[in-house]
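Contents: one structure, followed by commentary.
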Amino acid sequence: MGLTVRNITKLYDDQVVLDNVSFDIEDNGVVGLIGKNGAGKTTLLKAISGIHTADSGEVQLDGLCSTNSSEYKQKVGYMSEKNPLFEHLYVKEYLEWLGRIHDLKAVGQRINEVVEMTDLLTVAEKKIVQLSKGYRQRVGIAASILHDPRLLILDEPVNGLDPEQIIAYRQLIKSLSRDKIIILSSHLMQEIEAICNRVILLDDRIISKDQKLGSSHVASNQKKWILKLNESLSLDIFQSIDSICHITEKGESTYIIESKKEFNMLRDLNARVFENNRFILGLKEYKENLDQIFE
Amino acid sequence: MKYLLIKDIKELVIQMTGPVAVITFFLICTLFLWVFPDTSYLSYGYASSELFFELAYYLLLFIIPILTIGGLSHEFNSGNIEIIKSLPVNWIHVLLSKFLSSCIFLLIIIVMSVLVMLVLSEITVNDAFDFYQTIGSFIGMLMIGAAFVALSILVSTFFSNSAISFIVSILIGFMFYSGFGFFASIEVLPEVIRRSVESWGLLYHAEYLSKGVLPLSSLIYMLSLIIVFLSLAHLKLVKKSI
């Protein structure tokens, strides 16, 4: 179950915007979608949300195909990058209208919950047109979670939020991700790093990288190191050290090492480097951030 | 669909498009029927329903695009169409909601026109108001107005610019209303073609209705036009990218 995106291709006026994009999201959590401007992020999100129909391929959420438009959309919440809102309506009136369209039971109670979750209490009786950008973003988030969707899609949701609001928003997303699949697109790497469990890089219409974040890609008893020598050395020499599981060259005389036992590795590494008439210029634990992953 | 319709009616009221369309219709009617000397009942000393309906049909040609142009093109330009498309509704719901919301203001115009007719029939001493002719004319007004609504919605799916939509709607509406009649008057064309072309015009059918005759073919033709315009609009929207 979960979300299945299979071979999605989308064309605009014969120009390919998405080319055979596939991925699965099985577990609840937050998946970040990053990519350059024009890489096709918004198009992909719209295809997943059911706003667009892909030219080929299919999207399924818990076995329900996106072509079953109404049923599928009941399970999806979408907040667009531009965050359009019906500006002439009052905040509560707008949420009530959405609740009625989603055929929610106890609309009033749900609106109160969502207004509290998104900290909209002070502006709930105001017209949307009177709100600041930050509040408008919050109305957009409130609207997208009102019907308690299984899949929540947020396209650049922190645009216009101040630092305090961003922290509150992160907490909200984290708490929502316990029982939802959340796909979040952002230009801000630190935003993705702060709340996402997994990140997908969309580059030039295709998925070029799909990786879990944190230490999940390195076994818990292993560590990663970055080693800098005065002169380069053959990789075979490192591989002969028992405690080194994997080594890759990263630039001139710089290496990324995955090791098992810290003490043994440092001792053996030092000895082997010295034997080969080299010396260590630097050795430190290597923590990947998004910039390094997608370098 | 019900809630989309409520939203669309509310928008027409809040943006003043609906009230302005209704007021404009009656203001122009009043000017033509009571003020301007060439067409005033007072100058003639004789009030007839024919003049009112003739004027009303032409006025609808201009008034209906006022009601519809702000609808779909505004949803696209403001990006609100993304909200609508993310909801459990489809393009048919969106189109019908736009169509019905405009038709509600058309109905308001017709209901107010009925009241005007009732007042006129009370204050005139002649028998200028034939009951069946008047009923037929009101049915014609409803059908022609609805066809213009469907046409304007279709046109607004092609243009994001409201002004262009407005002008093109009027031009095509004019073509469907009396343009075919003008073509049919070209004498070099064979009689069969002229008759056929003439029957494509809404004016041709409106004339029947205003005589108190309700030919099924006219009603079917006008209903077909509405369905064809809305179906084409649906096709266009399905292909349109958001």
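Go through segment A:228-295 and tell me which helices (runs of 4 or more DSSP H), entirely inside it, have 2 or more residues that are crowded, with 18+ Cβ neighbours inside 10 Å, at pLDDT below 80 and not aromatic (Phe, Trp, Tyr).
Details: elements: A:235-239, A:262-275, A:290-293.
No helices (runs of 4 or more DSSP H) qualify here.
Please name all residue pairs, on different chains or six or more residues apart, with Cβ atoms under 7 Å, provided the first residue is in segment A:145-158 and is touching a residue at least 12 places away in the same chain (Cβ under 8 Å) and the second residue is among the aromatic types (Phe, Trp, Tyr) and in a strand (DSSP E or B).
Going by the 7 Å Cβ cut-off, the qualifying pairs are A:ILE153/A:TYR78.
Right, B:ILE108: closer than 27 Å to B:LEU223 by Cβ, touching a residue at least 24 places away in the same chain (Cβ under 8 Å) and within 14 Å of chain A (Cβ to nearest Cβ) or not? Can you show your working first?
Numbers: closer than 27 Å to B:LEU223 by Cβ: yes; touching a residue at least 24 places away in the same chain (Cβ under 8 Å): yes; within 14 Å of chain A (Cβ to nearest Cβ): no.
Taking the combined requirement at face value, the residue does not satisfy it.
Tell me which residues, restricted to segment A:109-133, are more than 29 Å from the chain's Cα centre (by Cα) and under 26 Å from B:LEU12 (Cα atoms).
A:VAL123, A:ALA124, A:GLU125, A:LYS126, A:LYS127, A:VAL129, A:GLN130
Any idea which of (1) buried (at least 22 other Cβ atoms within 10 Å of the Cβ); (2) over 26 Å from A:LEU64 (Cβ atoms) is the one A:HIS187 doesn't satisfy?
The one condition A:HIS187 does not meet is (1).
Across segment A:1-29, what is the total count of residues that are acidic (Asp, Glu) and either at pLDDT 85 or above or surrounded by 21 or more Cβ atoms within 10 Å (Cβ to Cβ) (or both)?
Of the residues in segment A:1-29, 1 are acidic (Asp, Glu) and either at pLDDT 85 or above or surrounded by 21 or more Cβ atoms within 10 Å (Cβ to Cβ) (or both).
Could you pull out every one of the strands (runs of 3 or more DSSP E) wholly within segment A:16-103 that has 1 or more residues that are within 12 Å of chain B (Cβ to nearest Cβ) and touching an Asp or Glu at 6+ places or on another chain (Cβ under 8 Å)?
Passing ranges, in order: A:76-79.
Which numbered condition trips up A:ALA168, out of (1) within 11 Å of chain B (Cβ to nearest Cβ); (2) in a helix (DSSP H, G or I); (3) touching a residue at least 24 places away in the same chain (Cβ under 8 Å); (4) of a type outside the set (D, E, K, R)?
With respect to (1) within 11 Å of chain B (Cβ to nearest Cβ); (2) in a helix (DSSP H, G or I); (3) touching a residue at least 24 places away in the same chain (Cβ under 8 Å); (4) of a type outside the set (D, E, K, R), A:ALA168 is out only on (1).
Go through B:LEU151, B:LEU106, B:LEU87 for me and flag whichever is in a loop (DSSP other than H, G, I, E, B), crowded, with 20+ Cβ neighbours inside 10 Å and at pLDDT 85 or above.
Numbers: B:LEU151 fails: in a loop (DSSP other than H, G, I, E, B); B:LEU106 fails: in a loop (DSSP other than H, G, I, E, B).
One residue alone meets the criteria, B:LEU87.
Considering only segment A:129-138, I want to know if a residue exists there that is modelled with pLDDT under 85 and β-branched (Val, Ile, Thr).
Looking for residues that are modelled with pLDDT under 85 and β-branched (Val, Ile, Thr), one finds none in segment A:129-138, hence no.
Among the residues in segment A:125-132, are any at the interface with chain B (Cβ under 9 Å from one of its Cβ atoms), surrounded by fewer than 19 Cβ atoms within 10 Å (Cβ to Cβ) and under 27 Å from B:THR17 (Cα atoms)?
No - not one qualifying residue is present in segment A:125-132.
Please verify whether A:GLY32 is crowded, with 23+ Cβ neighbours inside 10 Å and either in contact with a His (Cβ under 7 Å, 6 or more places away or on another chain) or modelled with pLDDT under 85 (or both), treating the condition exactly as stated. Steps first, please.
Working: crowded, with 23+ Cβ neighbours inside 10 Å: yes; either in contact with a His (Cβ under 7 Å, 6 or more places away or on another chain) or modelled with pLDDT under 85 (or both): no.
Criteria not met by A:GLY32.
The values are calculated or read from the model by the stated rules, or taken from the named source; none is laboratory data. Since we're looking at a predicted model, the values are computed, not measured. Note: ideal-geometry Cβ built from the backbone for every residue, glycine included; neighbour counts use all protein chains shown.
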